[in-house]
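Notes for the one structure printed next.
Bear in mind that the values in this text are calculations on the coordinates, not laboratory data. Because the structure is a prediction, the values reported are computed rather than measured. Virtual Cβ from ideal backbone geometry, glycine too; neighbours counted across all protein chains shown.
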Amino acid sequence: MSELIEARVPDLGSDSGVPVIELLVNVGETVKKDQGLLTLESDKATMEVPSPVSGEIIEIIAKLGDELSAGDLVARIKVSASAAAPAPAAVAAPVLAPASVAAPAAAPQAPIPASTPATTSAPAPLAAVHAPDNSELVPGKVPYASPAVRVFARELGVDLSQVKGSERGGRISKEDVQQFVKATLAGGVPSAGGGSGLNLIPWPQVDFSKFGPVSSEPLSRIKKLSGANLARNWAMIPHVTQFDEADITEMDVFRKKLGEEHKDVKVTPLVFLIKAAVAGLKKFPNFNASLDGDNLVLKQYFHIGIAVDTPDGLVVPVIRDCDKKGLIELSHELAAISVKAREKKLTGADMQGGCFTISSLGGIGGTAFTPIINAPEVAILGVSKSQTKPVWNGAEFAPKLMLPLSLSYDHRVIDGAAAARFTAYMAQVLADLRRLLV
């Protein structure tokens, strides 16, 4: 005896209307549990919808180009009674191939705002954007776009009435909004006041083949989409970067001792940075905030985003309630979410809700860098490779393990003095962990 099991789209976090870009199976094909059935691609990630059971594909409901949301029916699968899943409608977590930027946001030095809450409006509109008047709400003048695209445009500060839709019937897609932003930043779209965007000169057009052999390959859709996020954050947020160093000599001794006592998990300097960041956010609440128009939203929770390097690029999963977790618990959670990221099993919810992001390049090298703020956050901490240096202790030079810190902050919210105090306080906490008990 056999039964039909329905495969449905799992929780996509805040995403909806995500297009199908690839069908991975055919009718009549035998699939295994958790095998990908089709691929969805949003502006944050590429996701495979997995099969909830092992069995034979009887019917594929979704088609290429369909826009699916959580709970939508994808396929029907025939399984034997012995192999049937106890909960037919249950679907495993989606598999994500991350957007290859994160505010070290696309290169390792800029994390991509993979987790920008959809309800946060852009604090400062692009020059080509103007607040719509009531006449734009008259029937027939409302731009043709889905609710998801409207939210997306609102995040970027884009007036949809200025965007030309490329889809059937003039419907505006996310790609149309992204292209509008890129054109605006390049000075290719007239502004409401008659100017040309940010008044940038046109991008240089060069025939590189004149100078030597070249090859060409298209940017992935994820990189094209994330590029506008990076450009938006860099252009619209007045970045300033504060550099400092922390003496982590004693911390590193303690870390190694913890590692010897807890051999089941790797205790990295990153968990100490998470605790130090939480301490800093508590002492300086404006760093744990987001701009919402003319208001500053101060958060009472402490969710820290961690830039994770994967074969497909950088992603920023979020570890929640870091103020309530100890170093060992954070080590286990960090290890688990890192594996989840590298195996492309992060969900949309895993990358949402961050308050503050840490991008550590310490395992690679470098002395300092300027990370791009992960909007709608107002600050991001970059960490480079620690080095042993001679440090004057008042009587002599002594060898100390020094960790470089690079704090980029939104100057509309945070001034230079506050940033200097924040990094100095983090350095004090890292140098003397007893301060976490005060």
Rg over Rh, two decimals, segment 238-437 (C-alpha only, Kirkwood Rh): 0.96
Neighbourhood net charge (15 Å Cβ-Cβ; Lys/Arg +1, Asp/Glu -1) for Ile60: -4
Mean Cβ neighbour count within 10 Å, used as a protection proxy, ranking 261-270, 303-312 highest first: 303-312, 261-270
Amide proton proximity set for Leu405, modelled H, under 5 Å, gap of 5+: Asp244, Glu245, Ala246
Neighbourhood net charge (14 Å Cβ-Cβ; Lys/Arg +1, Asp/Glu -1) for Leu270: +1
